[in-house]
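Here is the structure we will look at.
The values are calculated or read from the model by the stated rules, or taken from the named source; none is laboratory data. As the structure is a computational prediction, the values presented were derived from the model and not from experiment. Counting neighbours? That spans all protein chains shown, and the Cβs are built from the backbone with ideal geometry, glycine included. Heavy atoms of the whole protein, side chains included, go into the accessibility calculation; ligands, DNA and RNA do not. Shrake-Rupley method; radii C 1.70, N 1.55, O 1.52, S 1.80 Å.
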Amino acid sequence: MTPLIAIAAEAADQKSAEVTDWAGRLGWVAGLLLFIAFLYWLMRQGWKWRGSLQSDLPELPTAPEAAGPARLTLSGRYHGSTTAGQWLDRIVAHGLGTRSRVELTLTDAGLAVVRPGANDFFVPAEALREARLDKGIAGKVLAEGGLLIVTWTHGDKLLDSGFRSDRAAEHTAWVEAINSMTTTTEGIAR
């Protein structure tokens with residue numbers, strides 16, 4: 001036999017060692033699964049606790065029947081709402097912390113936010129404060145100007161809501177339209 005064939009035959013005869021400690025391995029796997037379940041439970045409890053802390057937030061308004069013709073529409077993603085100016089303080093009450101697809105419609109009456117699979121809401125024109133382009137909101141960071149941030153009042157809180165259009169070039173038009181709406185209502189009591 002040539003040395004090459006002998007080495008190949010010897011390698012084919014080698015086998016892995018048999019697992020003899022099945023109980024130990026199953027114990028480690030079960031322990032790991034329990035640890036992961038415990039971490040998930042802790043995260044869920046934290047989310048519920050944050051929601052209970054924000055329970056003073058009133059119910060979200062719904063769109064009026066006659067909102068008027070659409071000034072702008074946008075399809076994209078809703079990334080969440082935070083306390084205005086505090087981009088990491090996520091608001092979870094009333095489903096505002098749930099990320100989802102979004103269809104935005106801006107009318108003279110306000111901003112309609114339609115979210116399939118999550119709570120829809122409406123921001124009346126008098127509640128709108130400003131719009132700007134930014135790079136991040138709780139849990140989502142993009143390139144500079146990658147997010148459309150709309151600042152609005154709800155109850156006695158000032159909120160920032162983050163949206164990203166499927167066509168990012170639309171963001172500038174939205175900022176201009178919302179800011180023009182807020183400056184025209186500057187003299188009106190909000």
- request: Note down the magnitude of the dipole of the chain about its Cα centre, charges +1 on Lys and Arg C-beta and -1 on Asp and Glu C-beta and zero elsewhere, to the nearest 20 debye.
  value: 200
- request: Compute the accessible area per residue over the chain, keeping the other protein chains in place, probe 1.4 Å, unit Å².
  value: 61
task: Calculate the dipole size of region 17-63 relative to its Cα centre from +1 charges on Lys and Arg beta carbons and -1 charges on Asp and Glu beta carbons; express the result in debye to the nearest 20.
output: 100
message: Please give the charge dipole size of region 56-154, origin at the Cα centre, charges +1 on K and R Cβ atoms and -1 on D and E Cβ atoms. Round to the nearest 20 debye.
response: 440
- prompt: For labels at residue 133 and residue 43 in the simple 7 Å Cα→Cβ model, what's the distance in nm?
  reply: 3.2
query: So what is the relative contact order for the chain, in percent, with contacts set as C-alpha pairs under 8 Å and at least six apart?
result: 19
- request: Using a 10 angstrom cutoff on alpha carbons, build the Gaussian network for the chain and name the most mobile of 32, 142, 128.
  value: 32
- line: Using alpha carbon centers only, region 32-91 is separated from region 128-157 by a whole-angstrom value of 13
statement: Calculating Cα extents along the principal axes in Å from this structure picks out, from [x] 47, 38, 31; [y] 44, 41, 37; [z] 97, 42, 30, entry [z]
query: Say we join alpha carbon atoms closer than 10 Å with springs in a Gaussian network model of the chain; which of 87, 174, 49 then has the biggest fluctuation?
result: 49
- prompt: Among 117, 24, 68, which one shows the biggest mean-square fluctuation in a GNM of the chain, springs joining Cα atoms closer than 10 Å?
  reply: 24
